[in-house]
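Right, one structure below, let's go through it.
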Amino acid sequence: QVQLVESGGGLVQAGGSLRLACTASGSIFSINAMGWYRQAPGKQRELVASVTSGGRKNYADVVKGRFTISRDNAKNTVDLQMNSLKPEDTAVYYCNAAIRSSWYLSEIDYWGQGTQVTVSS
């Protein structure tokens, strides 16, 4: 099976920074896109940032210029550097990866367990 393990959440004051890390492990043949989503209380889960295996990055408009996603294909990791954090960034952040466990299997979306990010004003 495949696991995504996240780390790095916490409490920070507005204007501060946090770095989230996610590592995929287990039965992995290939990984396509990796990314970070977030879900605030009472809201739907939304894309924060994603990166393809080729390095193409995509950001939600609300985080552009503040967040940076990076990926290490050799280590199966994806990180999210979050700067200039705002109270509205408060949410549970989830790592996501589209993974094939074998050449003959289809991609499956995997999710991490989520890590809480709280930004105080």
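The values are calculated or read from the model by the stated rules, or taken from the named source; none is laboratory data. Note that the structure is a prediction, hence the values are computed from the model and not measured. Ideal geometry is used to build each Cβ from the backbone, glycine not excepted, and the neighbour counts take in all protein chains shown. Please note that ligands, DNA and RNA were not included when accessible areas were found on the heavy atoms of the full protein model with its side chains. Shrake-Rupley method; radii C 1.70, N 1.55, O 1.52, S 1.80 Å.
Here are the numbers:
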| quantity | calculated |
| --- | --- |
| Test: residue in segment 52-66 that is under 23 Å from Gln3 (Cα atoms) and of a type in the set (A, V, I, L, M) | no |
| Of residues in segment 60-75 being under 25 Å from Ile28 (Cβ atoms) and part of a strand (DSSP E or B), the one least open to solvent (accessible area, probe 1.4 Å) | Ile69 |
| Set Asp89, Asp61, Asp79, Asp72: member being among the acidic types (Asp, Glu) and under 10 Å from the mean Cα position of the chain (by Cα) | Asp79 |
| Verdict on Ser84 being in contact (Cβ under 8 Å) with a residue 12 or more places away in the chain, of a type in the set (Gly, Ala, Ser), more than 30 Å from Leu105 (Cα to Cα) and not in a helix (DSSP H, G or I) | yes |
| Only listed residue being modelled with pLDDT under 95, of a type outside the set (Lys, Arg) and closer than 20 Å to Leu11 by Cα, chosen from Ser121, Ser53, Ser84, Ser106 | Ser121 |
| Strands (runs of 3 or more DSSP E) fully within segment 6-47 counting 1 or more residues that are aromatic (Phe, Trp, Tyr) and surrounded by 13 or more Cβ atoms within 10 Å (Cβ to Cβ) | 30-39 |
| Members of segment 24-46 that are under 22 Å from Thr118 (Cα atoms) and touching a strand residue (DSSP E or B) at 6+ places or on another chain (Cβ under 9 Å) | Gly35, Trp36, Tyr37, Arg38, Gln39, Ala40, Pro41, Lys43, Arg45, Glu46 |
| Residue match in segment 99-116 (condition: touching a Leu at 6+ places or on another chain (Cβ under 6 Å), of a type in the set (Phe, Trp, Tyr), open to solvent by less than 40 Å² (accessible area, probe 1.4 Å) and assigned to a strand (DSSP E or B)) | no |
| Within segment 81-98, tally of residues that are farther than 19 Å from Asn58 by Cβ and open to solvent by less than 30 Å² (accessible area, probe 1.4 Å) | 1 |
